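J.: Sharing a structure with you now.
Any read-out appearing in this document is the output of simple, stated calculations on the displayed coordinates, not a laboratory observation. Computed from a predicted model, the values in this text were never measured in an experiment. Glycine also receives a Cβ, built like all others from the backbone with ideal geometry; neighbour counts cover every protein chain displayed.
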Amino acid sequence: MLIIGLGNPGTKYKDTRHNIGFMAIDSLAEANSIKLNKKDFESLWGKGSIKDKEVILLKPQTYMNLSGEAVQAVSDYFDIEPKDILVIYDDIDLELGMMRIRLSGGSGGHNGMESIIEHLGTNDFPRIRLGIGRPDIKKLKVKSQKSKVDVAEYVLNPFDPEEKTILKPMLEKTKEAVDVIVNDGIEKAMNKYNRQ
């Protein structure tokens, strides 16, 4: 299975909300002693196993909007079917701490997901959406140009100290969910974690 976390490369974006996918991959790599030391396919990646199942953990280094280029390059090279690709990414429409696992679906306006769907030619691949919440809605004028700027700025800013106390258990839960997906299948993970 190819497990991809979405984010932006570089220290400027390291701890930002938009990089929660990268954080999830780092957490998986550490928990399963997988070194992310390979640098090709426009990605930082490593091969290893979660329990007894072989996996590739991948962090595209293309910047979010071009994530599909890296995903396509790796999946083509290793001949990985979309159903065996799991994408982990941030979702502002879910509260911080919430997680949703899906078998397939649209991009939900997420640029990284739009790029992957475009390059794979399908939206029929599993994903884990990690909630980062929205900025204070009272400060936004809904459907105005200003709201788009504020949301973009919000996702590219770091988690605040209070949010970090929620972030750690959420990444732990994500790691547990990936274990279930890899070893027991996505339906079992959906039944277990989407109810929480």
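J.: Name the long-range amide H neighbours of Phe159: under 5 Å, sequence gap of 5 or more, or other chain; modelled H, no Pro or chain starts.
T.: Arg17
J.: Output the antiparallel fraction of DSSP beta bridges having both residues in segment 2-193, as a percent to the nearest 5.
T.: 55
J.: Let me ask something else. Gain in length, Leu156 to Asn194, computed as 0.36 nm per residue apart minus the alpha-carbon separation, to one decimal in nm?
T.: Extending this stretch completely gives an extra 11.0 nm.
J.: Dipole of the chain (Lys/Arg Cβ +1, Asp/Glu Cβ -1, origin at the Cα centre): which of Ile56, Pro169, Asn183 lies farthest to the positive side?
T.: Of the listed residues, the answer is Pro169.
J.: Something else: If I model a spin label at Ser107 and Asp79 as a point 7 Å from the Cα along the Cα→Cβ vector, what separation in nanometres do I get?
T.: Each label point is offset 7 Å from its Cα along the Cβ direction, giving 3.0 nm.
J.: Under the definition of Cα pairs under 8 Å and six or more residues apart, what whole-number percent is the relative contact order of the chain?
T.: 25
J.: Report the label-to-label distance for Lys35 and Lys51 in nanometres (one decimal), using points 7 Å from each Cα along the Cα→Cβ vector.
T.: Between Lys35 and Lys51, the label points sit 2.7 nm apart.
J.: What's the extension gain from Arg100 to Thr122 if we count 0.36 nm per residue and subtract their Cα-Cα distance?
T.: That pair, Arg100 and Thr122, stretches by 5.9 nm at full extension.
J.: Classify segment 33-186 from the C-alpha gyration tensor, please: rounded if a/c falls under 1.5, else prolate or oblate depending on whether a/b exceeds b/c.
T.: prolate
J.: Any idea what angle helix 161-184 forms with the longest principal axis of the chain, computed on alpha-carbon atoms, 0 to 90 degrees, nearest 10?
T.: That helix lies at roughly 30 degrees to the long axis.
J.: Mind running the shape call on segment 25-78? Use the C-alpha gyration tensor, a ≥ b ≥ c as the square roots of the eigenvalues: rounded below 1.5 for a/c, prolate if a/b tops b/c, oblate otherwise.
T.: Prolate.
J.: Might you report the magnitude of the Cβ-based charge dipole of the chain about its Cα centre, with Lys and Arg at +1 and Asp and Glu at -1, to the nearest 20 debye?
T.: 580
J.: Calculate how steeply helix 67-78 sits against the longest principal axis of the alpha-carbon atoms of the chain, using the helix alpha-carbon long axis, and give the answer as 0 to 90 degrees to the nearest 10.
T.: Taking the Cα atoms of the chain, the angle to 67-78 is about 10 degrees.
J.: Asp184 versus Glu163, label points 7 Å from Cα toward the beta carbon: distance in nm?
T.: A separation of 3.1 nm, rounded to one decimal place.
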